[in-house]
């Protein structure tokens with residue numbers, strides 16, 4: 001046991017060294033910002049007292065994109081025409097487009113390091129958020145693994161290139177991964193201890209994680225189901241369900257009140273949902289599919305060509321020409337049109353589910369498919385993917401309530417994204433739990449190999 005603990009310390013040291021190296025690189029050479037510019041503008045306005053809104057200047061980019069300039073120009077021309085970033089987020093007005101958890105995180109960094117300091121955000125994410133994710137992930141792994149399988153899972157968590165990549169850019173993924181892992185770890189402890197206090201902590205954690213990404217409510221739901229089905233007295237089950245669900249609701253309540261104040265409706269889902277649904281289900285078959293990135297072309301180009309001319313209701317794939325409608329109305333129209341488009345084309349939707357599954361589990365990015373990245377992806381996530389399903393079955397066979405909770409959360413999370421939106425940015429939060437499954441599978445396979453060798457070894 002002491003030897004394993006010592007090796008875990010070395011693995012934590014490797015994780016820290018890698019993140020320091022990546023930080024030094026991105027501070028010197030730069031790195032993509034993606035949605036970070038929108039999040040940064042929201043954080044800046046929040047910190048300066050202008051409120052939770054996007055600046056009108058965001059519709060006028062200071063410089064033209066170098067890559068895929070035609071797509072970039074067409075997008076911003078459309079944003080200006082409908083007066084909405086992404087077509088829905090209305091500049092200069094209080095927004096319900098994004099839950100505010102990551103924006104508050106970015107505001108806190110800016111309050112210390114200065115407004116607009118992407119370097120400080122990256123440093124905090126790599127040196128603090130990333131390292132905490134590794135430590136929480138190892139703690140989660142120790143709940144199910146020991147010996148060499150534990151070391152293998154921990155090593156993956158230390159070097160996972162996808163997790164490190166998203167820790168290096170100003171986007172929600174890194175903070176969500178930490179919150180998601182922490183919520184799962186607290187949920188495992190709550191299921192093991194079956195105490196009201198641990199149920200309260202786990203429920204609150206899922207509620208706070210919702211404020212980074214709403215999909216976290218799936219984890220809160222799995223926790224409630226595990227409590228409801230636990231082999232304990234009914235009164236105890238009711239207490240645990242109430243404790244966890246009420247604290248989740250309490251953490252989410254401020255967002256519900258904000259939604260009601262801005263839209264006049266009681267709701268949970270931010271007004272980004274319609275855009276996401278359209279982006280991954282209808283846009284590839286619309287006139288906005290222009291000068292696309294390599295990944296979109298590889299995934300949807302052949303399908304677009306195959307279904308060209310035989311789509312039912314192709315008009316529903318087009319983004320509506322909004323004028324001065326509020327965000328909530330735009331979101332509902334966009335969601336309704338996209339769902340109607342999918343209902344009109346069931347064969348297309350079935351084919352897209354298969355594409356999204358491949359997009360969700362792929363071990364490399366189609367946009368950055370250099371030989372080095374291909375090899376790195378296959379040696380890390382590719383190996384995990386190979387053994388994760390078998391390991392999950394091994395863990396379930398032990399009838400461990402914690403394994404049921406972990407697998408249930410990962411399964412529902414994956415199913416939701418394959419059904420709606422997919423890709424590495426959405427998958428990375430479950431990389432560490434998948435590594436636990438894979439390590440369990442590798443351990444089972446190694447044990448069976450050893451047992452078979454003992455059976456065939458001749459007697460001395």
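Observations on the structure shown:
- Cα gyration tensor category, rounded, prolate or oblate, for segment 279-428 with a/c compared to 1.5: prolate
- Extension gain, residue 318 to residue 349: 0.36 nm times the residue separation minus the Cα-Cα distance gives 9.5 nm.
- Euclidean distance of C-alpha centroids, segment 261-277 and segment 155-233, integer Å: 23 Å
- Relative to the current alpha-carbon distance between residue 333 and residue 261, full extension at 0.36 nm per residue lengthens the span by 23.9 nm.
- Each label point was placed 7 Å from the Cα along the Cα-to-Cβ direction; for residue 308 and residue 80 their separation is 3.0 nm.
- Residue-averaged 222 nm ellipticity for the chain, from DSSP H runs of 4+ at -39500 (n - 2.57), nearest 500: -22000 deg cm²/dmol
- Coordinate range of the alpha-carbon atoms in segment 310-354 per principal axis, descending: 35, 19, 13 Å.
- Each Cα pair of the chain feeds into the Kirkwood radius, which the Stokes-Einstein equation turns, at 37 °C and 0.692 mPa s, into a diffusion coefficient of 139 µm²/s.
- In the chain, the longest principal axis of the Cα atoms and the axis of helix 234-263 are about 20 degrees apart.
- Contour minus Cα-Cα distance for residue 128 and residue 298 (0.36 nm per residue): 57.6 nm
- Kirkwood Rh in Å, taken over segment 109-162 so that all alpha-carbon pairs contribute: 12.6 Å
- The chain: relative contact order as a whole-number percent, Cα under 8 Å and 6+ apart: 18 percent
- Distance between the pseudo-spin-label points of residue 10 and residue 419 (7 Å out from Cα toward the beta carbon): 4.5 nm.
- Computed log₁₀ I(q)/I(0) - Debye formula, equal Cα scatterers, no solvent, segment 155-266, q 0.19, 0.23 Å⁻¹: -0.93, -1.12
- Using a Förster distance of 60 Å, the FRET efficiency for residue 253-residue 448 (Cβ separation, nearest 0.05): 0.75
- Placing a pseudo-label 7 Å from each Cα along the Cα-to-Cβ vector at residue 269 and residue 386 gives an inter-label distance of 3.9 nm.
- Computed FRET value (nearest 0.05) for residue 69 with residue 143, which takes r as the C-beta separation and R₀ as 51 Å: 0.55
- Separation of segment 291-350 from segment 47-121 is 24 Å, based on Cα centroids.
- Compactness index (Cα Rg / 2.2 N^0.38 Å), segment 224-359: 1.44
- An ellipsoid equivalent to segment 63-149, defined through the eigenvalues of its Cα gyration tensor, has semi-axes of 37, 18, 16 Å when rounded to whole angstrom and sorted largest first.
- Working value for segment 352-460: equivalent-ellipsoid semi-axes of 31, 20, 10 Å, each the square root of 5 times a Cα gyration tensor eigenvalue, largest first.
Computed from the coordinates by the stated procedures, all read-outs in this text should not be read as laboratory data. Quick caveat: nothing in here was measured; it's all calculated off a predicted structure. Positions of Cβ are generated from backbone atoms using ideal geometry, with glycine treated the same way; all protein chains shown enter the neighbour counts.
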